[in-house]
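Quick note: the coordinates plus some simple rules give every number you see, no bench work behind them. Predicted model only: the values in this text are computed from it and were never measured. Ideal geometry is used to build each Cβ from the backbone, glycine not excepted, and the neighbour counts take in all protein chains shown.
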Amino acid sequence: MTETPTRPERARPRRARLDWLDLVSLGVLAAGLLCWATGALPARDAVASLERIAPLVLFLGTVMVMVAIVQASQLFDVAALGLARLARGSHAALFACCFALASLTTMFLNLDTTIVLLTPVMLALAAATRAPALALAMTTVWLANTASLLLPVSNLTNLLAADRIGLDPLDFAARMWAPQLAVLAVTALCLWVGFWRRRHRERDRYTVPAEPLPIADRRLLWTAAAVCAGFVLAVVAEVPIQVVSAAAAAVLVAHCVRRRRDLLSWHLVPWRLLVLTAGLFLVVPALMLHGGGDLVSALAGGGAGDAGVFRAGLTGAGLANLVNNLPAYAAVESVLPHGSGDALLGVLIGTNVGPLVLPWASMATLLWFDLVTGRRPGVPADQRLRVPLGRFAAAGAVLAAAATTAGLAALVWL
C-alpha cells in the first residue's frame, strides 16, 4: 500500500518588524495630523504644504519602484563590474573613480539621481570585489549632498534660491564654484581618512572579477538599461524629475506585468519615506507658526555682512539636521529680508552640505538608507549593508561642520 504524497506546508509569511526609524516616521506623521486636527496648523496652510510636496512624494514613491526592478535586472551588477575593472584592483584608483563619478553625477544631473543610480552600483561593486562596502556607500551619500552646490539643477533648494535671487545657471555657478571646490576638498579628506585608508579594509588590493557576469534575463536587462538611459536624458533636458521617475516606473512595471510578475509586490512602495515626508511638512509649518519663526529669526539674524552669512548658513545646517533640509531652507529663507543674496547662498550651503548627521536630514539620505539596508524584496543578501548609526552620525557631524565652514569661508572671501 503506497502512501499518498502530502503537499509541503506553505511557509507562513514573516511579519515585518518595525524598526526605530519606522516608528519615528509614524510618530512624525501622527504629530502632523494632530496639528492639523487641532487647528495648530490651519487647514488652509496644511493643504498648501501638502500640495507643495506632492511632486516630491510622487518622485519618492515611483523612483524606488524603478530602482528595485532595475536592481533585479542585474544592470547595476554590470556597471559595477566595469568600474572594478577600470580601477584594476587599486583602492586609491577606485576611490578616485567613485569620487569623480558621484561628484559629476550630482553636479550635472542632481543629488537624487546620484543616490538612485549609483548606490546600488556601489553595493554591487563591494559584493563583487570585497572592497569596503561602507566606504563605497558613504562616498555616494556624502557626495550626493556635498557636491550639490555648483548648478541650480544639482539640488531642489538651489532652484528655490536661484529663483529668489534672480541668478541664471552661469551666474549661479560663478558665485558657487569656489564654495563647491572647498567643500569637495574637505569631503575627499574626510572620506579617505574615515573610510578608505588601509586600516579600514582587509587587503591591499581588491579582487578584480575575471569571469563574465551570467545574465538571468537579458530582455529585462536591456529594458532596464533603456529606461535608465532615458531617465538620465530626461533629467538633462530638465523634465520635472517626478514625471521622469513616474514614466520610468510605469514602463518597468508594464514589462514585469507581461513577463516578470514575480518581481511585483506592494513592498516596493517606500511607505516610510512617504509617511515621514508628509509628517515633516505638517509639523514644521505648525512649529513656525507657534514660536518657531521667531526662534529661527533670532538664530539666523538679518543676514548682514560676512558674519550674517556665516550665521545664516550655520543656522540652516543645524535646522536641516533636526527637521530635514527642505523645510529648513524654507524656514530660514522666510525670515531673511529681500536683498540678502549672500546670506541666502550661505543658507544654501548650510542646508545642502550640513544635513549629514541624522538619517532624515535630507531626502537623499533617507533614500540612501532605504537602498543600503535592503528593506525591499529581491535585494541580494550580499548587497545589504548594516550602517552603524553612531559612526554614521559622528563622521557626518565632523564633515558637516568642516565642509559647511569651508564653503561659507570660500563664499565670503573669494
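A few points about this structure:
- Exposure proxy ranking, count of Cβ atoms within 10 Å, fewest first, for ILE349, ILE215, ILE69, ILE165: ILE215, ILE165, ILE69, ILE349
- Modelled spin labels at VAL236 and LEU299, positioned 7 Å past Cα toward Cβ, are 4.0 nm from each other.
- Extension gain for TRP266-ARG88 works out to 60.1 nm (0.36 nm per residue, less the C-alpha to C-alpha distance).
- Arranged from fewest to most other beta-carbon atoms within 10 Å of their beta carbon, SER49, SER265 become SER265, SER49.
- Multiplying the residue separation of TRP222 and ARG44 by 0.36 nm and subtracting their alpha-carbon distance yields 59.4 nm.
- For the chain, the fraction of C-alpha pairs farther apart than 31 angstrom is 40 percent.
- Computed packing ranks the peptides 224-233, 179-188, 350-359 as 350-359, 179-188, 224-233, most packed first, by mean other Cβ atoms within 10 Å.
- Over the residues of the chain, the helix contribution to mean residue ellipticity at 222 nm works out to -22500 deg cm²/dmol, using -39500 (n - 2.57) for each DSSP H run of at least 4.
- Net lengthening on full extension, LEU104/ASP22 (0.36 nm per residue, minus Cα-Cα): 26.3 nm
- Measuring max minus min along each principal axis, the C-alpha atoms of segment 153-293 give extents of 55, 45, 34 Å (largest first).
- Scattering curve values for segment 88-211, log₁₀ I(q)/I(0), Debye with Cα scatterers, q = 0.10 Å⁻¹: -0.34
- Cα-based radius of gyration of segment 69-115 once divided by 2.2 N^0.38 Å, which approximates compact folds: 1.25
- Placing a label point 7 Å from the Cα of THR373 along the Cα-to-Cβ direction, the residues of segment 240-272 whose backbone N falls under 11 Å of that point are 272.
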